[in-house]
Amino acid sequence: MKKSFAVFWKRNLAFANLAIVSNLEYRLNYFIDAIVQPLTTTGIEILLWFAVFKGAHTATINGYGREFYLSYALWAAFFARIATSWMYEFRMIEEIGSGTINSLIVRPMSFYEYYLSQLLGYKFITTVISLIVPIIAAYIFHLPTIYSRMPLAVVLCFYYLILVHTISFLVCCAAFYLTKISSFTVAKNLMFWILTGELFPLDLMPEPFRSKIIALPFSSGVYLPVGFVTGRVGIHEMMNGFVSVTIWLIVLNLLGAWFWKKGLSSYSGTGA
Amino acid sequence: MNIVIETSDLTREYKTYQKPEGLANSLKGIFKREYTSKIALDKTNLKIESGKIIGLVGANGAGKTTLLKILSGLVTPTNGDAKVLGFRPWERKYEFLRQISILLGQKNQLWWDISPVDSYALLAKIYDLDSTVARKRVNDLSEMLQCSHVLNTQLRRLSLGERMKMEIIGALLHEPRILFLDEPTIGLDIVAQENIRNFLAGYVREKEPTVILTSHYMDDIATLADRLLLISKGNIVYQGTVNEFVTNSNSELAQDEKVDFEEVIRRFLETESRIR
């Protein structure tokens, strides 16, 4: 048992390492993904909030001043970078659709762990670099940020990332039957854009939507960690976030295991 | 006699969407689609001994790759049963997967964006191999295949022949007990084919794995195979040695006519294509 855990651990570190090594092979692509994309998103969000405050002719919205919203926009772009999976979900779908999955399922490892470790490895290396952008911006513009809360916020966001991967795994299982399903990813991620709180803080929503949407696990991706770091959310809500993600992880992983088994039994080993 | 692969009534059926020509039919297909069934493998019964090289020969679409895919755990059969090293392959138990390897000549199995040495280091972790032992094995195999100079080059930048050598090293790194080789020399020039054939012959003599080999190059089969399995429309139609097969075929010919293995297979495949 001890040995098998050590093997599992070594193998998954190697997968995380693979993600880092293969992404660093294409330096410009990596640089744009880690720096240019978050800079662009942050710029757009900040401009949007400037426009909102200017147009509304008010100093506060929902009890918070402009600096709070600028800070939210800044950190939301950073956390949303962690909490979203486009590239690896597309790859997982493509592996099944094109049959390149053949080389993975005949090896003593699981498809789920292989991609989860790669996703975590890649997010880790991009997070370290992307973090430079909001830290410098918050310092220059004196935006409200509670740095001591950052570690817990990052932990919740990475924990939520496991749920994001589980959802990706469920989506890719559909490729066993439908082959090309990348439109699912686009539709799903657009929905998450709102549900995570990336577009705007979820506490701006009217009731009864507000409490219900915050109770969903998706708020743990952006709204809760960003709210925690910018002072909109307390520790109690953060703990609720951990509980919500845990419950959904258990349910969706059971569902995923079932779908995977069904999908593989109908798989025809495409292309070889 | 140590049987390592055994199948009983192994059957696989595929369903395929038939799309009639034209835009109107594409629109119709949104609401209703017609599927046809094809039996790729039909009630196949096999027993394969340990340490033998089996040459699996048949026309395109005869069921060779389907049989290989089922025995390696890639595909689940529609009916029937199979045991490979005592495991049901499609259950994909780790203990089973650690002892087999499949090389699909038409697919890359190493990682495209990284160098082969990085791929082998990853494979060593996946198969839980000691890194020093794995590195030594890579060095030995690459020397035998004369490809040590490209081990550090990104896979995507290698020629087809070099890539195939890298794939072979990847497939043999964990010293599998069962090796499935699906057209390992496809697309290679005559010299490269011969090199790989000689390498495989030497490797098999030394390590004695059980090998199932499919190839459209009859030299591969004639040089390497201990036994021949001839497959036609999902059915095994001949099991025996290459020599017996040639002798039997020659005995059916006119007295002054003698043909070699390649010619017998060519005639068999021609008959096949006429019957289809």
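The values are calculated or read from the model by the stated rules, or taken from the named source; none is laboratory data. Here the structure is a predicted model, which is why all the values come from computation and not from measurement. Backbone-built Cβ (ideal geometry, glycine too); neighbour counts: all protein chains shown.
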Q: Considering each residue of segment A:8-40, count those that are among the hydroxyl-bearing types (S, T, Y) and either under 15 Å from A:T127 (Cα atoms) or touching a Cys at 6+ places or on another chain (Cβ under 6 Å) (or both), and give that number.
A: 1
Q) Does segment A:26-46 include one or more residues that are modelled with pLDDT under 85, surrounded by 13 or more Cβ atoms within 10 Å (Cβ to Cβ) and within 14 Å of chain B (Cβ to nearest Cβ)? A) yes
Q: Evaluate the following for A:S71: is it of a type in the set (G, A, S), buried (at least 22 other Cβ atoms within 10 Å of the Cβ) and either over 11 Å from the mean Cα position of the chain (by Cα) or within 14 Å of another protein chain (Cβ to nearest Cβ) (or both)?
A: yes
Q: Would you mind telling me which numbered condition in (1) within 14 Å of chain A (Cβ to nearest Cβ); (2) assigned to a helix (DSSP H, G or I) B:H174 fails?
A: (2)
(Q) Here are the criteria: (1) within 13 Å of chain B (Cβ to nearest Cβ); (2) touching a residue at least 12 places away in the same chain (Cβ under 8 Å); (3) in contact with a Leu (Cβ under 8 Å, 6 or more places away or on another chain). Tell me which single one A:I96 does not satisfy. (A) (3)
Q) So which residues in segment B:135-170 are crowded, with 18+ Cβ neighbours inside 10 Å, without any contact (Cβ under 8 Å) to a residue 60 or more places away in the chain, within 22 Å of the chain's Cα centre (by Cα) and within 20 Å of A:E25 (Cβ to Cβ)? A) B:L155, B:E162, B:R163, B:M166
Q. Any idea which residue in segment B:69-97 is surrounded by the most Cβ atoms within 10 Å (Cβ to Cβ), counting only those that are facing chain A (nearest Cβ under 9 Å) and aromatic (F, W, Y)?
A. B:F96
Q | Residue tally, condition away from chain A (no Cβ under 14 Å) and either aliphatic (A, V, I, L, M) or buried (at least 17 other Cβ atoms within 10 Å of the Cβ) (or both), over segment B:185-207 | A | 14
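Looking at this structure, is B:T153 assigned to a loop (DSSP other than H, G, I, E, B), of a type in the set (V, I, T) and within 13 Å of chain A (Cβ to nearest Cβ)? Lay out the reasoning, then the answer.
Values: assigned to a loop (DSSP other than H, G, I, E, B): yes; of a type in the set (V, I, T): yes; within 13 Å of chain A (Cβ to nearest Cβ): yes.
Yes, satisfied.
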Q) Picking from B:I100, B:I114, which residue would you name as being closer than 30 Å to B:T241 by Cβ, of a type in the set (A, V, I, L, M, F, W, C) and within 12 Å of chain A (Cβ to nearest Cβ)? A) B:I100
Q) On the given criteria, is B:D182 within 14 Å of chain A (Cβ to nearest Cβ) and in contact with a Lys or Arg (Cβ under 9 Å, 6 or more places away or on another chain)? A) yes
Q. Name the pairs: first residue in segment A:3-16 and within 10 Å of chain B (Cβ to nearest Cβ), second residue not in a helix (DSSP H, G or I), Cβ to Cβ under 6 Å, at least 6 apart or on different chains?
A. A:V7/B:D128
Q) Which of the residues belonging to segment B:211-232 are part of a strand (DSSP E or B) and either farther than 23 Å from B:I100 by Cβ or out of contact with any helix residue (DSSP H, G or I) (no Cβ under 7 Å at 6 or more places or on another chain) (or both)? A) B:R227, B:L229, B:L230, B:S232
(Q) Being part of a helix (DSSP H, G or I), aliphatic (A, V, I, L, M) and within 14 Å of chain B (Cβ to nearest Cβ) is the filter here; which residues of segment A:214-272 pass it? (A) A:A257, A:L264
Q: Give me a count of the residues in segment A:241-272 that are without any contact (Cβ under 8 Å) to a residue 24 or more places away in the chain and touching a Phe, Trp or Tyr at 6+ places or on another chain (Cβ under 7 Å).
A: 1
Q: For A:K261, state whether it is exposed (fewer than 13 other Cβ atoms within 10 Å of the Cβ), within 30 Å of B:R92 (Cβ to Cβ) and of a type outside the set (V, I, T).
A: yes
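Yes/no matrix, rows are residues, columns are (1) without any contact (Cβ under 8 Å) to a residue 24 or more places away in the chain; (2) crowded, with 17+ Cβ neighbours inside 10 Å; (3) at positive phi:
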{"position": "A:V171", "(1), (2), (3)": "no, yes, no"}
{"position": "A:L178", "(1), (2), (3)": "yes, no, no"}
{"position": "A:S183", "(1), (2), (3)": "yes, no, no"}
{"position": "A:L195", "(1), (2), (3)": "no, yes, no"}
{"position": "A:L204", "(1), (2), (3)": "no, no, no"}
{"position": "A:P217", "(1), (2), (3)": "no, yes, no"}
{"position": "A:Y223", "(1), (2), (3)": "no, yes, no"}
{"position": "A:G234", "(1), (2), (3)": "yes, no, no"}
{"position": "A:M239", "(1), (2), (3)": "yes, no, no"}
